[in-house]
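Each value in this text was obtained by applying a stated rule to the coordinates, not by laboratory testing. For clarity, every value in this text was computed on a predicted model and none was experimentally measured. Reconstructed Cβ throughout: ideal geometry from the backbone, glycine too, with neighbour counts over all protein chains shown.
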Protein chains: 2
Amino acid sequence: MSTALDTPATRVLQMLAAAEGPLSGEAAAERLKLSRTAVWKQIEVLRGSGYTIVAHGRNGYRLIAVPNAAVPTEVLPRLRTRTFGHAYHYLASTPSTNAVLSRLAARGAPEGTVVVAERQEAGRGRMSRGWFSPPDTGLYFSLLLRPTVEVARVTSLPLVVGLAVADALAPHLPAGEPRVKWPNDIWIGDRKACGILCELQAEIDGVQHVVVGIGINVNIEARALPVELRSIATSLKMAAGVTVQRAELLAALLDHLERGYAAWQRQGLAPFLERYRDRDALFGRSITVERAAGALSGTADGVHPDGSLRLRLPDGRIESIYSGDAHIAAFNAPAPG
Amino acid sequence: MSTALDTPATRVLQMLAAAEGPLSGEAAAERLKLSRTAVWKQIEVLRGSGYTIVAHGRNGYRLIAVPNAAVPTEVLPRLRTRTFGHAYHYLASTPSTNAVLSRLAARGAPEGTVVVAERQEAGRGRMSRGWFSPPDTGLYFSLLLRPTVEVARVTSLPLVVGLAVADALAPHLPAGEPRVKWPNDIWIGDRKACGILCELQAEIDGVQHVVVGIGINVNIEARALPVELRSIATSLKMAAGVTVQRAELLAALLDHLERGYAAWQRQGLAPFLERYRDRDALFGRSITVERAAGALSGTADGVHPDGSLRLRLPDGRIESIYSGDAHIAAFNAPAPG
């Protein structure tokens, strides 16, 4: 775990990366005002994080390879945020990053705290469903928000999170992708690449905190997906053919999330509605929404400013959907417009 | 702790209470199909709960006094509810009944589960404030709800809880008392007798649970109140001069809460608005509302169906207040109507 942008491991790494030839442990110790043993310990920390560092002569080190992972030493130097990610907890494995962050939140963790796990043993999806979280290829993290808005206004937050995630993924994808699927999935084509789970803790007249859990399929390949997911799931790499640097992606995500969140706190969903429509995976399509109260079919017609889905029923009326699963009908009319 | 309406202790107690003279341990054992040792153990359990039971001759028992407390043996036989209180956890002491019930909720406790504590070491009020919880004279309990409504609708729940509590307290008080003070206090005259703290856990598109914490000053006397509370707090006994049976009061509270909650789940706050106005401690009074966004003064004008307070500003406009503390101005105009 790490909770500061500037750690001894980060500083040793910067020297290793900047060194023209091998880095002398003695020179590093002197420059960083550490003992030579302390430098050696940081080298071991870095090796444990996945860096390939070879010994070179007597007491020299050479950086050979950098892990493609959201380790603190890769993420923290890339952060462009004011607060998001500055408190940064990286775990090799955890049952659920949302569960870990909920506990930190109860103990007073600040807004913007991030928990990242390389692997989740019991990743949670919406409505207590599981979330497949294979190691080494995904990005699984949770972000703590403490919005100063009334409870009723929080319902539009997942859509703002979805747009921020979509904006961060877009540079790695073909034009027009990804799209947001109400209420909180990210699709590439008609396949899911990312799920978002927002959990709210509130006194009824005021939000205590929201834990935003985000799981993204980054570099997983089709053959590594469970058979039952192959027709419905995808990843950035499957869609674009390129391996994405996960630390850089996380830094970009936190940047987009921080800016989207700030705008939402000031003005709610309204300023996002136009962009939402541009990215809306459901707009104009025939869908069926499964709700606790029963299924309802119609044509998706965007979202209301409170985040609810506008469903145009066959008789022309608009129904506002606050909760449910939307499925696109098997044979769709082409989307208008 | 007890989680069933019918326990061995309850059955032994019923026999003790029904016995004309002393109860023979042998007869009780035979009737209850227990060993004589088991009967003796239940007698000890009852003594530990505050019952005065004296030995009478060889192996006979006589019930002398019943505790005025929300012990399971007093509460469970009085329940008239369908589910509320049927899962019943009684604790001599706990930091916070809401905290205990939140943990039970996370482990799947059913709707209607109740946690009662004779004493709270760190009772929580709204907005992380403390709540003074002296032992033996109050009623401190938490109730688990799992409403199937969208998050935005939950904002009106505290008002329904407040009305149910007021209805349960009313038979012990002078006509017209108590009154509800937005958002979640109960007043007798202009003094607080009860506080309500509703804590919400939700996925943003669906409520997971609400923990309703209720703290009532029942039998405390003025001299037992901390000096700083004497001008602002009161109790049923201080207001009416009569000691109230706490187990009977809790059974009545759960009955009112269950019925109010069922009506609210079906129809929201609308059917309660008229009764709310009858009991509204603020209606027509000059108040100042302290909010995170700053203080606002005006005349209280009831509540909206979403539970927000209607504040009539000096220029006649109505402002909806979702969160804040309302204080009555020191020199009030008489309430109209």
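Assuming a viscosity of 1.002 mPa s and a temperature of 20 °C, what translational diffusion coefficient in µm² per second does Stokes-Einstein assign to chain A, Rh being the Kirkwood radius over Cα pairs? Please report the intermediate quantities before stating the final value.
Working: Rh = 21.4 Å.
The calculation lands on 100 µm²/s.
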Check: Distances from A:Val54 to the same residue in each other copy, label points 7 Å out along Cα→Cβ, in nm, shortest first?
Finding: 9.3
Check: Not counting the cut sites, what is the longest span of chain B without trypsin sites (Lys or Arg not before Pro) that DSSP labels loop and that have at most 14 other Cβ atoms within 10 Å?
Finding: B:130-229
Notebook entry, point to check: If one takes the longest principal axis of the Cα atoms in chain B, at what angle in degrees, from 0 to 90 and to the nearest 10, does the Cα axis of helix B:246-267 lie?
Noted result: 50 degrees
Notebook entry, point to check: Taking only DSSP H segments of four or more residues, each worth -39500 (n - 2.57), what value at 222 nm results for chain B once the sum is divided by all its residues, to the nearest 500 deg cm²/dmol?
Noted result: -8000 deg cm²/dmol
Check: For the protein assembly as shown, what is the charge dipole size about the Cα centre, in debye to the nearest 20, if Lys and Arg each add +1 at the Cβ and Asp and Glu each add -1 at the Cβ?
Finding: 860 debye
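If the viscosity is 1.306 mPa s and the temperature 10 °C, what Stokes-Einstein diffusion coefficient in µm²/s follows for the stretch B:286-328 when Rh is the Kirkwood radius over Cα pairs?
On the way: Rh = 10.1 Å.
Answer from the Stokes-Einstein relation: 157 µm²/s.
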Checklist line | B from A by rotation - nearest chain A beta carbon to the axis, in Å | finding: A:Ala152, 2
Check: Against the longest principal axis of chain B, how steep is helix B:97-106, in degrees 0 to 90 to the nearest 10, with axes from Cα atoms?
Finding: 80 degrees
Next item on the list: Before anything else, pin down the relative contact order of chain B: Cα pairs under 8 Å, at least 6 apart, normalised by residue count, whole percent.
Entry: 14 percent
Next item on the list: List the extent of the Cα atoms of the protein assembly as shown along each of their three principal axes, largest first, rounded to whole Å.
Entry: 96, 65, 55
Notebook entry, point to check: Once both axes come from the Cα atoms, what is the angle between helix A:8-18 and the longest principal axis of chain A, in degrees from 0 to 90, rounded to 10?
Noted result: 80 degrees
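Antiparallel as a % of all DSSP beta bridges within the protein assembly as shown, to the nearest 5?
On the way: 113 of 128 bridges.
Roughly 90 percent of the beta bridges in the protein assembly as shown run antiparallel, per DSSP.
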Margin query: What does the copy distance list look like for A:Thr288, label position 7 Å along Cα→Cβ, in nm and ordered from shortest?
Written below: 5.9
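Longest span of chain A, sites excluded, free of GluC sites (Glu not before Pro) in DSSP loop with at most 12 other C-beta atoms within 10 Å? Walk me through the numbers before you get to the answer.
Values: sites that count: A:Glu20, A:Glu121, A:Glu221.
Answer - A:222-337.
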Margin query: Which residues among the stretch B:53-67 fall inside the zone where the amide N is under 16 Å from a point 7 Å beyond the Cα of B:Arg36, along Cα→Cβ?
Written below: B:55-62
Next item on the list: State the three equivalent ellipsoid semi-axes of the stretch B:199-337, derived from the C-alpha gyration tensor as the square roots of 5 times its eigenvalues, in descending order and whole Å.
Entry: 28, 25, 16
Checklist line | Copy-to-copy label separations for A:Arg312, where each label sits 7 Å from Cα toward Cβ, in nm and ascending | finding: 4.4
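Report the equivalent ellipsoid semi-axes for the stretch A:1-113 in whole Å, largest first, defined as the square roots of five times the eigenvalues of the gyration tensor built from alpha carbon atoms.
Values: eigenvalues 180, 40, 30 Å².
Semi-axes, largest first: 30, 14, 12 Å.
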Margin query: How many angstrom lie between the Cα centre of the stretch B:221-288 and the Cα centre of the stretch B:1-74?
Written below: 34 Å
Check: Expressed as a whole number of Å, what is the distance separating the alpha-carbon centroids of the stretch A:134-213 and the stretch B:294-333?
Finding: 35 Å
Check: Over the C-alpha atoms of the stretch A:8-65, what are the Rg and the largest Cα-to-Cα span, Dmax, in Å?
Finding: 9.8, 26
Notebook entry, point to check: So, with +1 on the Cβ of K and R and -1 on the Cβ of D and E, and no other charges, what is the size of the charge dipole of the stretch A:8-65 about its Cα centre, to the nearest 20 debye?
Noted result: 120 debye
